[in-house]
1. Go through the stretch 124-197 and name the chymotrypsin sites (Phe, Trp or Tyr not before Pro) that are in a DSSP coil and have 15 or fewer other Cβ atoms within 10 Å of their Cβ.
2. Under a straight-distance cross-link criterion of Cα-Cα below 27 Å, which lysines are reachable from residue 156, leaving out those fewer than 8 residues away in the same chain?
3. Using DSSP to call loops (not H, G, I, E or B), can you name the trypsin sites (Lys or Arg not before Pro) in the stretch 138-197 whose Cβ has at most 14 other Cβ atoms within 10 angstrom?
4. Expressed as a whole percentage, what fraction of the accessible surface of the stretch 130-197 belongs to carbon and sulfur atoms when a 1.4 Å probe is rolled over the protein heavy atoms?
5. Contour minus end-to-end for residue 159 and residue 40, with contour as 0.36 nm per residue of separation and end-to-end as the Cα-Cα distance?
6. Gap in Å between the Cα centre of the stretch 38-104 and the Cα centre of the stretch 128-151?
7. How much FRET efficiency would the formula 1/(1 + (r/R0)^6) give for residue 82 and residue 144, where r is the Cβ-Cβ distance and R0 is 25 Å, rounded to 0.05?
8. Give the lysines reachable from residue 76 as a straight Cα distance under 28 Å; neighbours fewer than 8 places away on the same chain don't count.
Amino acid sequence: HTLTAAHTTARSTKIHQMPPRIAIKCAWSGARQTIPSSTTLTPKTTLAELLEPIRATLPPLVLEQGELLYVRQCIKASEWPSTTLKMLGIGMEDGGVLLTLQLPSSPPPIASSEPTAMEVDDTPTSDNMTPDQAIQLILSSNFDTDSKECILTLCKMMDNVIAKPGNEKVRCIRLSNENFDGKVGSRRGGVEFLLAC
């Protein structure tokens, strides 16, 4: 048998039209649930339709008031019936997609005329921060590429200190150094990490 151009095009179209594998990460537990491959997905599939196969495994509060996160977009449960995969930028040619499902964000506190106890902010400051807390601050406060660049630079600096413990040059940093400022000094958590060490 010889395949005609039409048959070849039809076969390659089928290969490219395979729906993406979509996993839902539950932010409150860290568990992941994969949308069954038997679920029919098209660009017009809504988020409500997407979640239908795993609906029974999700807490009712999430289904009523939860939020789905995808590529810095937050879609509230009330918007799931009208939000399609295409609107999120999820294409049918995408390989694997991870959506994060989270409990509703807590509403801002309502102002009261009655005095309340003062809340104490126990967020670590640069004076009492551990290196682990500083790394978490870097990761949570900066874009991924900036965080990676900052942490890699900090690792190189620490390697130099360990490799040359007696060399004062590797233990001193000019904060005005343009390279240091661009990679570490201007990143939230970078200087805090050095102070913690």
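1. Counting only loop positions with at most 15 other Cβ atoms within 10 Å, the chymotrypsin sites (Phe, Trp or Tyr not before Pro) in the stretch 124-197 are 143.
2. Within the straight-line cut-off, residue 156 pairs with 148, 164, 169, 183.
3. 174
4. For the stretch 130-197, the apolar C and S fraction of the accessible surface comes to 53 percent.
5. Length gained between residue 159 and residue 40: 37.7 nm.
6. 29 Å
7. About 0.25, to the nearest 0.05.
8. 25, 44, 86
The values are calculated or read from the model by the stated rules, or taken from the named source; none is laboratory data. If you're wondering where the values come from, they're calculated on a predicted model, not measured in any experiment. Note that we place each Cβ from the backbone using ideal geometry, even for glycine, and neighbour counts take in every protein chain shown. Side chains included, ligands, DNA and RNA excluded: accessible areas come from the protein's heavy atoms. Shrake-Rupley method; radii C 1.70, N 1.55, O 1.52, S 1.80 Å.
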